[in-house]
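Engineer: Structure incoming, see below.
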Amino acid sequence: MAETKYGKYFVTWDPASGRKHPLGPFVSIMDDTVVRGSHFYMVHWVLPSATSAAGIGHPPHIHKDAELLFHIGTNPDNPLDLGAEVELFMGPELERHVITKSSVVYIPPNFIHCPWKPLKTEKPWIFIEVNQGLRHTEKLYPQVLPTELREKVDWSRWKEEGFD
């Protein structure tokens, strides 16, 4: 849409980019490299047919900026019904939470969070990640995991960004 004066602000995900999410199709990814000045946003579906992330899910990490994790159910008759169970651990002590309703989780800057993993998905739902910085940053914290869990993670799947 960039052929108009304001078309650059309308971004549609290009499936031909080759980037895929194992839990469901992307709707959009946006950051300062796509639209100058934009914070990092990622939106994707989570489908019942999707296989969950191997091992423990997304491993423990921090971001330089605050993060919001939106878990949004798609039942118009009951918008709070997530149709899923999602496990999320918070803090260096790995306090366990299970999300079963549409909700938003606020994560302060430099706060250890995760593993994050859908345990059960009965109905499609939407996941939105908002990092309140211009680019996605991530520093892994494998040392907070017990050894037996640390060994279940395929660490080659995860990369650190923005903490050089």
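The values are calculated or read from the model by the stated rules, or taken from the named source; none is laboratory data. Not measured: the values here are computed from a predicted model. Cβ coordinates were reconstructed from backbone atoms using ideal geometry, including for glycine residues, and neighbour counts include every protein chain displayed. Areas reflect the complete protein model, heavy atoms only, side chains present, ligands, DNA and RNA absent. Shrake-Rupley method; radii C 1.70, N 1.55, O 1.52, S 1.80 Å.
Engineer: What does the highest-first list of 24-36, 83-95 look like by mean Cβ count within 10 Å? Don't skip to the end; give the middle numbers.
Structural biologist: On the way: 24-36: 14.9, 83-95: 16.5.
For the peptides 24-36, 83-95, the packing ranking is 83-95, 24-36.
Engineer: Can you tell me which lysines have their Cα less than 17 Å from the Cα of Lys101? Leave out same-chain residues fewer than eight positions away.
Structural biologist: Partners within reach: Lys117, Lys120, Lys123.
Engineer: Expressed as a whole percentage, what fraction of the accessible surface of region 32-164 belongs to carbon and sulfur atoms when a 1.4 Å probe is rolled over the protein heavy atoms? Walk me through the numbers before you get to the answer.
Structural biologist: On the way: 3750 of 6990 Å².
Looking at region 32-164 in its full context, I get 54 percent from C and S.
Engineer: Whole-Hz Karplus ³J(HN,Hα) for region 108-124, in order, using 6.51 cos²θ - 1.76 cosθ + 1.60 and θ = phi - 60°, x for Gly and Pro?
Structural biologist: Those phi angles translate into x, x, 6, 9, 5, 8, 5, x, 10, 7, x, 8, 8, 10, 9, 9, x Hz.
Engineer: Still on this structure, please answer the following. Suppose all protein chains stay in the model; what accessible area per residue would a 1.4 Å probe give for region 80-124, in Å²? It would help to have the intermediate numbers written out before the result.
Structural biologist: Details: 2290 Å² over 45 residues.
Spelled out: the 1.4 Å probe surface of region 80-124, per residue, equals 51 Å².
Engineer: Over region 86-164, calculate the relative contact order: mean separation of alpha carbon pairs under 8 Å at least 6 apart, over the residue count, as a percent.
Structural biologist: On the way: 69 pairs, mean separation 21.9, N = 79.
So the answer I get is 28 percent.
Engineer: What does the highest-first list of 136-143, 38-45 look like by mean Cβ count within 10 Å?
Structural biologist: Details: 136-143: 15.9, 38-45: 18.0.
Put in order of decreasing packing, that is 38-45, 136-143.
Engineer: Moving on. If you take every residue apart from His44 with its C-beta less than 13 Å away from the C-beta of His44, what net charge results, scoring Lys and Arg +1 and Asp and Glu -1?
Structural biologist: Details: positive: Arg19, Lys20; negative: Glu129.
Taking every other residue near His44 into account, the sum is +1.
Engineer: A further question on this structure: Pairs of alpha-carbon atoms within less than 8 angstrom and 6+ residues apart define the contacts here; what relative contact order does region 1-86 have, in percent?
Structural biologist: On the way: 80 pairs, mean separation 14.8, N = 86.
Relative contact order, region 1-86: 17 percent.
Engineer: Report the net charge of residues surrounding Asp81, where surrounding means a beta-carbon distance below 10 angstrom and charges are Lys +1, Arg +1, Asp -1, Glu -1.
Structural biologist: Working: positive: Lys101, Lys123; negative: Asp77, Glu122.
Summing Lys/Arg as +1 and Asp/Glu as -1 gives 0.
Engineer: Assuming R0 = 30 Å, can you tell me the calculated FRET efficiency for the pair Phe10 and Asp154, based on Cβ-Cβ distance, to the nearest 0.05?
Structural biologist: On the way: r = 36 Å, r/R0 = 1.21.
For Phe10 and Asp154, the calculated efficiency is 0.25.
Engineer: Relative contact order of the chain, please, whole-number percent, based on alpha carbon pairs below 8 angstrom and at least 6 residues apart.
Structural biologist: On the way: 379 pairs, mean separation 44.0, N = 164.
Dividing the mean separation by the residue count of the chain yields 27 percent.
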